[in-house]
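The values are calculated or read from the model by the stated rules, or taken from the named source; none is laboratory data. As the structure is a computational prediction, the values presented were derived from the model and not from experiment. FYI the Cβ positions are ideal-geometry reconstructions off the backbone, even for glycines, and counts take in every protein chain you see.
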Amino acid sequence: MSNQDFRSGRDKGGNSQKTDANGLRAFLAEIRSRHEPSAVTFLCIGTDRSTGDALGPLTGSALSACGFPHVIGTLASPCDASSLVARLAEIPESHVVVAIDACLGQPQSVGSFLVADEPLLPARSVGLSLPPVGNYSVAAVVNAIGPKPYATLQMTSLHHVMAMAGQIASAAAEAFGLAADAGANRAYGWPFI
């Protein structure tokens, strides 16, 4: 889970933008206009052991089902805090990385996305110190921040997280021209893998 909060921007004053699914699609289309799809890796951070933090693996599985060739972090092989550094070594140096993670935010921001042309800071809000990751970042506000972030993530609606993962994958597929191919593999916006 990232340390993002829409009140303060990215980690106390960055260049993030709060957006909805349409803005997310435009953000990803801009990335596509700058980079060849074959040189883009999606780094989907999270675990399948917590409903709130499952956004990354759910998104990664959906992106893989859409046909994206370079995805790290799926339900079958999550990229979580314990494996992040090792998984970063799998990314070719020439690739551009789009980091995707769940985050907690203000109640009015739940369901929104925080996008930025800068790295993501994973696991800061739960007290871990992991390296910044990605050239671009997408943080999905899956629930409201509270005094016990682990408990909040455990009680986050799986339906809500699945819907947000589907929105990210659908936006990416459309932005990168894979939407027509992915339709047969999706139900309710994401694949059941």
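Name every residue in region 11-66 that is farther than 16 Å from Asn135 by Cβ and of a type in the set (Lys, Arg), in order of residue number.
Residues satisfying the conditions are Lys12, Lys18, Arg25, Arg49.
Among the residues of region 95-113, how many are free of Cβ contacts under 8 Å to residues at least 60 places away in the same chain, crowded, with 24+ Cβ neighbours inside 10 Å and of a type in the set (Val, Ile, Thr)?
0
Using the structure shown, decide if Val115 is assigned to a strand (DSSP E or B), in contact with a helix residue (DSSP H, G or I) (Cβ under 6 Å, 6 or more places away or on another chain) and either at pLDDT 95 or above or of a type in the set (S, T, N, Q) (or both).
Answer is yes for this residue.
Going by the conditions given, is Asp20 crowded, with 16+ Cβ neighbours inside 10 Å and charged (D, E, K, R)?
Considered against the rule, which asks whether it is crowded, with 16+ Cβ neighbours inside 10 Å and charged (D, E, K, R), Asp20 comes out as no.
Here's a check for you: in region 67-102, which residue that is among the polar types (S, T, N, Q) and more than 20 Å from Asn135 (Cβ to Cβ) is nearest to the chain's Cα centre (by Cα)?
Thr74
Is there a residue being acidic (Asp, Glu) and at pLDDT 95 or above anywhere in region 64-84?
Within region 64-84 (the criterion being acidic (Asp, Glu) and at pLDDT 95 or above), the answer is no, since none of the residues qualifies.
So, in region 137-167, how many residues would count as being of a type in the set (Gly, Ala, Ser) and buried (at least 24 other Cβ atoms within 10 Å of the Cβ)?
Summing the residues that are of a type in the set (Gly, Ala, Ser) and buried (at least 24 other Cβ atoms within 10 Å of the Cβ) in region 137-167 gives 4.
Among the residues that make up region 145-161, is at least one of them closer than 18 Å to Ile72 by Cα and either hydrophobic (A, V, I, L, M, F, W, C) or at pLDDT below 95 (or both)?
For region 145-161, residues closer than 18 Å to Ile72 by Cα and either hydrophobic (A, V, I, L, M, F, W, C) or at pLDDT below 95 (or both): absent.
Restricting to region 118-140, name every residue that is outside any loop (DSSP other than H, G, I, E, B), closer than 24 Å to Arg34 by Cα and not aromatic (Phe, Trp, Tyr).
Passing the criteria: Leu120, Val133, Ser137, Val138, Ala139, Ala140.
Kindly indicate the residue of region 9-28 that is in contact with a Gly (Cβ under 9 Å, 6 or more places away or on another chain) and polar (S, T, N, Q) and also modelled with the highest pLDDT among those meeting that condition.
Across region 9-28, the extreme among qualifying residues is Gln17.
Considering Pro69, Pro92, Pro147, which residue is assigned to a loop (DSSP other than H, G, I, E, B) and either under 24 Å from Asn22 (Cβ atoms) or without any contact (Cβ under 8 Å) to a residue 24 or more places away in the chain (or both)?
The unique qualifying residue is Pro147.
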